[in-house]
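Working notes, beginning with the structure itself.
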Amino acid sequence: MSLNDLVPPGVVTGDDLVTLLDHARANNYAIPAVNCTSSSTINAVLEAAKNAKSPVMIQVSNGGGAFMVGKSIKDKNAAAAGSVALAMHVRSVAKYYGVPVVLHSDHCAKKLLPWFDGMLEADEAFFNKYGEPLFSSHMLDLSEEPDEENIAICVEYFKRMAPMKIWLEMEIGITGGEEDGVNNEDVDPEKLYTSPEQVYAVYDALSKIGDMFSVAAAFGNVHGVYKPGNVKLSPERLGQHQAYAKKMLNSPLDKPIYLVMHGGSGSTDDEIKMAVDNGVVKMNIDTDTQWAYWDGLRAFEKDNRDYLQGQIGNPKGKDKPNKKFYDPRVWTRKAEESMVKRVMTSCEKLKCAGTYTPSSEPGYPQHGTPKTGPSPVVLMAAGAIVGSAATLLMKVIAK
């Protein structure tokens with residue numbers, strides 16, 4: 001059965017998300033999860049997914065949410081408001097691209113839990129009205145806390161998320177480098193490698209609540225394109241986590257745990273392949289796509305510098321206008337085109353390219369369909385019956 005037969009295009013949540021990730025795990029591919037900070041970067045990712053014939057994940061960080069709402073806004077809820085705004089843009093346009101889209105929030109450290117709470121409140125409001133959450137999934141990154149506290153907090157949040165069928169991603173073991181204001185450049189190298197026992201402890205705690213969760217287990221991963229010290233990426237360790245879980249669970253599955261890869265920038269193709277073969281279903285991408293977006297703009301400016309020095313005047317004449325060059329839609333598009341190519345490269349490396357033929361069905365915004373309840377006629381009839389019963393009961397009591 002093809003993925004098209006199993007999962008609809010557009011933002012996917014709940015059972016559709018489980019089906020998508022099951023398909024990825026069973027067919028040895030992973031889905032790129034690209035950090036986005038604007039409608040422009042979102043559209044570039046969606047365009048890349050459509051071109052690559054692939055599902056995709058769009059994720060927002062705390063900093064990305066704050067940027068989306070506007071850097072001048074200092075309100076304590078700004079990051080949550082911006083993240084919700086980003087989610088609503090994705091829901092407005094995803095169907096038009098014809099591929100499955102997972103709407104995700106990225107690393108949330110303990111100090112950022114108010115941001116997480118704000119997004120969950122938006123999920124609950126959306127769920128109560130439409131029967132599905134606003135986001136597909138969220139990530140808690142409490143890897144800087146002791147394992148016991150990390151897992152305990154995840155358990156409490158997962159209890160709140162599970163009734164809405166929101167996927168939880170958690171991290172145990174630390175990803176090195178620096179990302180979105182969280183700096184782990186000087187971390188003890190040993191903490192960059194998670195043990196099978198740690199991963200299984202997460203599985204044991206969360207599986208008691210539900211099965212919609214994944215684990216970002218550290219295997220030497222580093223955010224950015226540099227390494228703090230002599231850190232070795234060891235994706236073979238992921239296979240050890242799976243083997244240990246399989247043994248403990250007596251599972252028929254060779255890869256019983258959904259795994260996630262962070263800090264993949266600069267990884268070799270062989271390292272990525274081994275990670276996917278060992279059960280990674282999602283790989284985060286940010287540094288490389290940031291560069292790609294900028295590189296498109298950089299190349300455009302270099303090629304057209306003489307047309308970008310003023311509104312009027314260029315090599316074709318001192319009175320010639322330059323609007324066709326400085327119009328934001330022109331140079332932003334060049335940035336998008338460069339980012340599209342880089343995301344498509346990730347789809348190829350993760351082997352998800354070609355897994356989904358873009359739908360030709362007309363697109364529409366996914367702003368929710370109100371939950372249906374009993375018709376007014378049924379409610380009136382029920383009210384009449386209850387009223388009659390109450391009247392009859394009172395007459396009996398009176399006698």
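The values are calculated or read from the model by the stated rules, or taken from the named source; none is laboratory data. This structure is a prediction, so every number in the text was calculated from the model and none was measured. Heads up, the Cβs are rebuilt from the backbone with ideal geometry, glycines too, and the neighbour counts pull from every protein chain shown. For accessibility, only protein heavy atoms count, side chains too; no ligands or nucleic acids. Shrake-Rupley method; radii C 1.70, N 1.55, O 1.52, S 1.80 Å.
Brief remarks on what is shown
- Thr369 meets all of the listed conditions (1) more than 24 Å from the chain's Cα centre (by Cα); (2) surrounded by fewer than 12 Cβ atoms within 10 Å (Cβ to Cβ) but one, namely (1).
- Test result for Thr37, of a type in the set (S, T, N, Q), out of contact with any Asp or Glu (no Cβ under 6 Å at 6 or more places or on another chain) and assigned to a loop (DSSP other than H, G, I, E, B): yes
- Number of positions in segment 1-13 that are of a type in the set (Gly, Ala, Ser) and out of contact with any strand residue (DSSP E or B) (no Cβ under 9 Å at 6 or more places or on another chain): 1
One line per residue, one yes/no per condition, for (1) within 26 Å of Ala48 (Cβ to Cβ); (2) of a type in the set (Val, Ile, Thr):
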residue	(1), (2)
Arg305	no, no
Gln309	no, no
Val330	yes, yes
Glu348	yes, no
Lys351	yes, no
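- Beta carbons closer than 8 Å, at least 6 apart along the sequence or on distinct chains, pair a first residue in segment 263-289 that is closer than 24 Å to Val18 by Cβ and touching a residue at least 24 places away in the same chain (Cβ under 8 Å) with a second that is open to solvent by 10 Å² or more (accessible area, probe 1.4 Å) and of a type in the set (Asp, Glu) for Asn278/Glu236.
- Test: residue in segment 285-295 that is part of a strand (DSSP E or B) and buried (at least 18 other Cβ atoms within 10 Å of the Cβ): yes
- Residues satisfying the stated conditions in segment 61-80, i.e. assigned to a helix (DSSP H, G or I) and open to solvent by 50 Å² or more (accessible area, probe 1.4 Å): Phe67, Met68, Val69
- Conditions (1) closer than 14 Å to Lys282 by Cα; (2) aliphatic (A, V, I, L, M); (3) open to solvent by less than 10 Å² (accessible area, probe 1.4 Å); number of the one not met by Leu86: (1)
- Restricting attention to segment 116-143 and to residues that are open to solvent by 10 Å² or more (accessible area, probe 1.4 Å) and either in contact with a strand residue (DSSP E or B) (Cβ under 8 Å, 6 or more places away or on another chain) or among the small types (Gly, Ala, Ser) (or both), the residue that is nearest to Val11 (Cα to Cα) turns out to be Gly131.
- Any hit, segment 303-323, residues being in contact with a Lys or Arg (Cβ under 9 Å, 6 or more places away or on another chain), in a helix (DSSP H, G or I), among the basic types (Lys, Arg) and open to solvent by 80 Å² or more (accessible area, probe 1.4 Å): no
- Unique match (being more than 29 Å from Asp211 (Cβ to Cβ) and touching a residue at least 60 places away in the same chain (Cβ under 8 Å)) among Gly14, Gly10, Gly63: Gly63
- Residues in segment 129-151 that are in contact (Cβ under 8 Å) with a residue 24 or more places away in the chain and in a helix (DSSP H, G or I): Lys129, Tyr130, Asp147, Ile151.
- Within segment 336-354, the residues that satisfy the criterion of being out of contact with any strand residue (DSSP E or B) (no Cβ under 9 Å at 6 or more places or on another chain) and farther than 19 Å from His89 by Cβ are Glu337, Ser338, Lys341, Met344, Thr345, Glu348, Lys351, Ala353, Gly354.
- Within segment 81-99, the set of residues being in a helix (DSSP H, G or I) and farther than 16 Å from Glu132 by Cβ comprises Ala81, Gly82, Ser83, Ala85, Leu86, His89, Val93, Tyr96, Tyr97.
- Hey, Ala48 touching a Pro at 6+ places or on another chain (Cβ under 8 Å), crowded, with 24+ Cβ neighbours inside 10 Å, assigned to a helix (DSSP H, G or I) and among the hydrophobic types (A, V, I, L, M, F, W, C) or not: no
- Verdict on Thr345 being hydroxyl-bearing (Ser, Thr, Tyr), surrounded by fewer than 21 Cβ atoms within 10 Å (Cβ to Cβ) and in a loop (DSSP other than H, G, I, E, B): no
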